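**Student:** Please see the structure below; I have some questions.
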Ligand SMILES: Nc1ncnc2c1ncn2[C@@H]1O[C@H](COP(=O)(O)OP(=O)(O)OP(=O)(O)O)[C@@H](O)[C@H]1O
Ligand SMILES: [Mg+2]
C-alpha cells in the first residue's frame, strides 16, 4: 500500500485533479465576492432609481400583482430578476423550477419575510412593499410544519387566532370548521408527536386556513411526505383551495405537482421566469429547451439534427418529414435540436406507423422499466440515448431491436444557439 502511494503516477495525477476542481484560490474567491457585492450594490441603486420613476398602479381586476420584482441579497447575489405576474382571485399559481432558482425567495418577498429590492407588489389593490408581514393578510405554510410540540392540535390551530385577539367563540368556530374541512376532528386533543406525517401536514394547513387570509402561500409543503401520501395531499390541497375560494401561490420543484395542481404555472431558472401558462399550454408549447426538458416525465428526447425544406436529418443520418402545418411561416436555421416526447414514440406496426410509414426506425432496448400499465423503454438510436413510453402489453426485453414510429406531428424544434423553441 505504502509503495503504491509513492507511485509516481499518483504524484503526477494529483495536482492535475486539484487544478480541475479548485479553479480559484482563497484570495481570488474573496476578490470575486467583493466584486459581486459591489456589482449588486450598483444594480440595486439603479433598480431603486428606476422604481422611483415608475407609477405604483395595480391593474384593475388583479388580486396579486408582482411588477418587475428583483431580489439582490446583501452579498450582491441577484436571486430574482424582473419577476412579473398578474394573478386573479381564486387562481392556483405554482412556481416551479430546479433548486436555487428563486422560488422561495419570491414567495418570501410576497409574504414580507424578505425585503423587495426593487419592483412593486400589490395585494387586493394595495401597495404592499412596505407593509409588515402580519398586516398583509397572508397565510403561509412552510416545508417544515413547525408545529408547537407541547400544544394539542386544537391549540396549534387556535394559536394564531389568539394572537389576533379574536373572541373564544370565534376561535372555536374557526378551528372546528377547519378541522372539519381537513377531517382532523378526532385528532384535536392529540399532540403533534402522536400524528402521522400527513396528519401533521393537515394541521399545518389548518393553522394557515383558520386565519381566513386573502392569499395562501405554500413553500414545498409536501416534500416531507412519502409518495403515496403526497399524491393524496395534492388533491386535498386543491380541494381545500376550491372550498376556501382562496388565491393560492404554491412552490415546488416537482413538475408533476405543478402539472396536476396549477391553474397557471410559472417556470423559473436562475432567477428568471422562463414561461407562464396553463399546464396544458406549457406541455404542448414550451418556449425553450429548458422548459421542454423540465416539464413532462420522462423528459423530452433531444436529438442534434439539421433542417432543410421540411426535412429533419438526424446526426445518425435518418430523415424525418415534418408536417407543413408546423413549419409554415417559420424561419428555421440549418442546425437544430429536434425534440420528441417519449409518449410520441409509438410501436412500429400500429396506427401511427400506418400514418407515418417514413418515420419508422429501429432502436435497441438498453433498459425496460415496467411501471404496471406502461414501459419506459430506454434505448439506443444509433449512438444516441433516448426514452420511449409504450403500453405494458408490448413485451420488450433488453438487447432487443424494436421498430418504433417517431410521430412527426409532435415534433419540437429548438435553435441550438439560444435554446429558443421555433415550434
Ligand atoms: N440570504 C441569502 N443570501 C444570499 N443568497 C441567498 C440567500 N438566500 C438564498 N440565496 C440564494 O438565492 C438563490 C435562490 O434561493 P431560493 O431559496 O429562493 O431557491 P429555491 O428556488 O427556493 O430553491 P430550493 O428548491 O432548493 O428550495 C439561491 O442561489 C440561494 O443560494
Ligand atoms: Mg425553496
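**Student:** Which FRET efficiency value, to the nearest 0.05, do you get for residue 335 and residue 148 by plugging their Cβ-Cβ distance into 1/(1 + (r/R0)^6) with R0 = 60 Å?
**Tutor:** Working from the Cβ atoms, E equals 0.50.
**Student:** Suppose we keep just the DSSP beta bridges with both residues in the chain; what percent of those would be antiparallel, to 5?
**Tutor:** If I count the DSSP bridges inside the chain, around 75 percent turn out antiparallel.
**Student:** Among 153, 291, which comes first, then next, by fewest other beta-carbon atoms within 10 Å?
**Tutor:** 291, 153
**Student:** Using Stokes-Einstein with the Kirkwood hydrodynamic radius over Cα pairs, what translational diffusion coefficient do you get for the chain at 4 °C and a viscosity of 1.567 mPa s, in µm²/s rounded to a whole number?
**Tutor:** Rounded, D is 51 µm²/s.
**Student:** Can you sort 190, 108 from fewest to most other Cβ atoms within 10 Å of each residue's own Cβ?
**Tutor:** If I rank by nearby Cβ atoms, fewest first, I get 190, 108.
**Student:** If the elastic network links every pair of Cα atoms under 10 Å, which of 294, 77, 92 fluctuates the most in the Gaussian network model of the chain?
**Tutor:** 77
**Student:** So how much slack lies between residue 349 and residue 306, counting 0.36 nm per residue of separation and subtracting their Cα-Cα distance, in nm?
**Tutor:** Gain on extension, residue 349 to residue 306, equals 12.8 nm.
**Student:** Starting from the Cα-Cα distance between residue 226 and residue 183, subtract it from 0.36 nm times their residue separation and give me the gain in nm to one decimal.
**Tutor:** So the extension gain works out to 13.5 nm.
**Student:** Report the FRET efficiency, 1/(1 + (r/R0)^6), for residue 73 and residue 417, where r is their Cβ-Cβ distance and R0 is 30 Å, rounded to 0.05.
**Tutor:** Calculated value: 0.45.
**Student:** For a test of the definition: using alpha carbon positions, the gyration tensor, and the 1.5 limit on a/c, classify the range 266-423 as rounded, prolate or oblate.
**Tutor:** oblate
**Student:** Picking from 154, 351, 272, which is most flexible by a Gaussian network model of the chain using Cα springs under 10 Å?
**Tutor:** Checking each option, the largest mean-square fluctuation is seen for 351.
**Student:** Using only Cα atoms and rounding to the nearest 10 degrees, what angle (0 to 90) does helix 153-163 make with the longest principal axis of the chain?
**Tutor:** 60 degrees
**Student:** Also, quick follow-up: With a point put 7 Å past each Cα toward its Cβ, work out how far residue 172 is from residue 193 in nm, to one decimal.
**Tutor:** The two pseudo-label positions are separated by 3.0 nm.
**Student:** Which of 31, 143, 199 moves the most in a Gaussian network model of the chain with Cα springs under 10 Å?
**Tutor:** Looking only at 31, 143, 199, the largest GNM fluctuation is found for 31.
**Student:** Please state the shape class of the range 178-251: rounded when a/c is under 1.5, otherwise prolate if a/b exceeds b/c and oblate if not, all from the C-alpha gyration tensor.
**Tutor:** Because a/c hits 1.5 or more and a/b fails to exceed b/c, the range 178-251 counts as oblate.
**Student:** Another one. Taking neighbour counts of Cβ atoms within 10 Å as a proxy for exposure, in what order, fewest first, do 263, 252, 105 appear?
**Tutor:** 263, 105, 252
**Student:** Please work out the FRET efficiency for the pair residue 280 and residue 27, using the Cβ-Cβ distance as r and a Förster radius of 41 Å; give the result to the nearest 0.05.
**Tutor:** 0.20
**Student:** For the chain, find the longest principal axis of its Cα atoms and tell me its angle to the long axis of helix 8-21, 0 to 90°, nearest 10.
**Tutor:** 60 degrees
**Student:** Let me ask you something else. Report the Stokes-Einstein translational diffusion coefficient (µm² s⁻¹, integer) for the range 132-284, Rh taken as the Kirkwood radius over Cα pairs, at 10 °C with viscosity 1.306 mPa s.
**Tutor:** The estimated diffusion coefficient comes to 97 µm²/s.
**Student:** Same structure, new question: Taking the Cα centroid of the range 356-381 and of the range 261-317, what is the distance between the two, rounded to the nearest whole Å?
**Tutor:** If we compute the Cα centre of each part, the gap is 21 Å.
**Student:** Using the basic label-point model (7 angstrom from Cα toward the beta carbon), what is the residue 164 to residue 49 distance in nanometres?
**Tutor:** According to this spin-label approximation, the distance is 4.4 nm.
Laboratory data are not the source of any read-out in this text; all were calculated from the coordinates shown. Everything numeric in this text was worked out from a predicted model, so none of it was measured. Neighbour counts run over all protein chains shown; Cβ positions are idealised from the backbone, glycine included.
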